[in-house]
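Have a look at the structure below, then the notes.
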Amino acid sequence: MKKFDVTALGELLVDFTENGMSAQGNPLLEANPGGAPCNVLSMLQNLGKKTAFIGKVGADMFGTMLTQAVKDQGINIDNLVTDDTVHTTLAFVHTGVDGDRDFSFYRNPGADMMLREEEIQQEIFADTKIFHFGTLSMTDLRMEQVTKHAVKKAKEQGAVISFDPNLRPPLWKKLGDAADKMWYGISQCDILKISDDEISFLTGTADIDQGIGKIMEQYCPALICATMGKDGSKAYYKGKSVYAEPFLQKNTIETTGAGDTFMACVLNYVLEHGIEDLSKDDLYQMQRFAAMAASIITTRKGALKVMPTKDEIMDKL
């Protein structure tokens, strides 16, 4: 019996999100725990799964805050390392009127980029069912090597590999490098969650079916979920393509964490139903649950600490 349902590697950072104006007319920023991999794990914890995180924070007030936040969510932090010389990564999030976001990162470098291979507890790979990662742990060459080592070890131990590109253009010196790392992740994964803008970036087409077709000409993950924001999502599996409508909330305030919430729900479905024999109805119900969860998180500031519960999602469905 494996100890963890999902282990994730990558960035753990502070998302400073806008939260009103001061008496002097200055924007107030709230320090929300964030980082895509831990957002995914937090949602999985709410769904009753056991998770672990591999990453690094700085020995500063933000690193202490993040460590406690992740621990409070029930995520195993035995492999969350502290760096004594490099500060915790910070992200400043500007939210548009439609809830979409622009990011400014303070990460040159950030502690999440400083994890080293010898700091990873190797036995964790044999103890996990699904290993999840993204591209932000590959913006630096040394951390890229650590990420690829982790993926290799997880595959050798029979883990299902999950990948979400989570493209953040400001963090790449050359966008061509981002595309290369996205292709690497797709070449390794069994489960791919990719957004419409990432599909367009990677394949040069805004047509979702054509874009996924181009991806599948190169590699063929067992399950692909394409998320399209307000236009819903599509799942691609063994020649089947299934569309699911979105759930739009009137009180959406920001979309931070929506994709991570969706990703977690997909992984949760695979953990409960397997990945070998999914029907069209399975794919539809999986996306429907994931879309509802993602819509709920858009009504809240932040993500990691305020993920919806299973009961909340089911009540709204």
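The values are calculated or read from the model by the stated rules, or taken from the named source; none is laboratory data. These numbers come from a predicted model, not from an experiment. For neighbour counting, all protein chains shown are included, and Cβ atoms are generated from backbone atoms with ideal geometry for every residue, glycine included. Surface accessibility is based on the protein's heavy atoms, side chains included, excluding ligands, DNA and RNA. Shrake-Rupley method; radii C 1.70, N 1.55, O 1.52, S 1.80 Å.
Among ASP15, ASP197, ASP207, the largest mean-square fluctuation in a Gaussian network model of the chain (Cα springs under 10 Å) belongs to ASP207. Here the chain is treated with +1 on each Lys and Arg Cβ and -1 on each Asp and Glu Cβ, and its dipole about the Cα centre works out to around 260 debye. Working from the Cα coordinates of the stretch 205-317, the gyration tensor eigenvalues give, after taking √(5λ), semi-axes of 24, 16, 12 Å in decreasing order. Extending 7 Å from Cα along the Cβ direction at MET65 and again at MET314 yields two label points whose distance is 3.5 nm. Between PHE53, ILE77, HIS273, the Cα set farthest toward the positive side of the dipole of the chain (charges on each charged residue's Cβ, about the Cα centre) is that of HIS273. Across the options GLY20, GLY158, LEU192, the greatest Cα extent toward the positive end of the charge dipole of the chain (unit charges at beta carbon of Lys, Arg, Asp, Glu) belongs to GLY158.
Around CYS225, with a cut-off of 13 angstrom between Cβ atoms, what is the net charge of the other residues, counting Lys and Arg +1 and Asp and Glu -1? Net charge in that neighbourhood comes out at -2. Basic side chains Lys and Arg get +1 at the Cβ, acidic Asp and Glu get -1 at the Cβ, and with that the dipole of the stretch 141-208 about its Cα centre reaches some 460 debye.
If the viscosity is 1.306 mPa s and the temperature 10 °C, what translational diffusion coefficient in µm²/s does Stokes-Einstein give for the chain when Rh comes from Kirkwood over Cα pairs?
Details: Rh = 19.5 Å.
Translational diffusion coefficient: 82 µm²/s.
The largest accessible area among SER187, SER233, SER104 belongs to the first residue in SER104, SER187, SER233, and the rest follow in falling order (1.4 Å probe, all chains).
Accessible surface ranking for TYR237, TYR269, TYR219, 1.4 angstrom probe, highest first: TYR219, TYR269, TYR237. Each label was represented as a point 7 Å from its Cα along the Cα-to-Cβ direction; for ASN251 and GLN218 these points are 4.2 nm apart.
Looking at the stretch 208-317, the trypsin sites (Lys or Arg not before Pro) that sit in a DSSP loop and have at most 14 other Cβ atoms within 10 Å of their own Cβ are LYS238, LYS250.
For a test of the definition: using alpha carbon positions, the gyration tensor, and the 1.5 limit on a/c, classify the stretch 125-169 as rounded, prolate or oblate.
Numbers: a/c = 3.63, a/b = 1.61, b/c = 2.25.
It comes out oblate by the Cα gyration axes.
In the stretch 1-118, Rg over Rh equals 1.02, where Rg is the alpha-carbon radius of gyration and Rh the Kirkwood radius from pairwise Cα distances.
Could you calculate, for the stretch 109-255, the ratio of the Cα radius of gyration to the Kirkwood radius, expressed as Rg to Rh?
Working: Rg = 16.3 Å, Rh = 16.5 Å.
Over the Cα atoms of the stretch 109-255, Rg/Rh equals 0.99.
Which residues in the stretch 204-237 place their backbone N less than 17 Å from a point set 7 Å from the Cα of TYR284 along the Cα-to-Cβ direction? Answer for this model: 232-237. For the stretch 9-50, a Kirkwood radius taken over Cα pairs fed into Stokes-Einstein (37 °C, viscosity 0.692 mPa s) yields D = 273 µm²/s. The trypsin sites (Lys or Arg not before Pro) of the stretch 119-194 meeting both criteria, a DSSP state outside H, G, I, E and B (loop) and at most 12 other C-beta atoms within 10 angstrom of the site's C-beta, are LYS173, LYS174. Using heavy atoms of the protein chains and a probe of 1.4 Å, the accessible area assigned to SER279 is about 50 Å².
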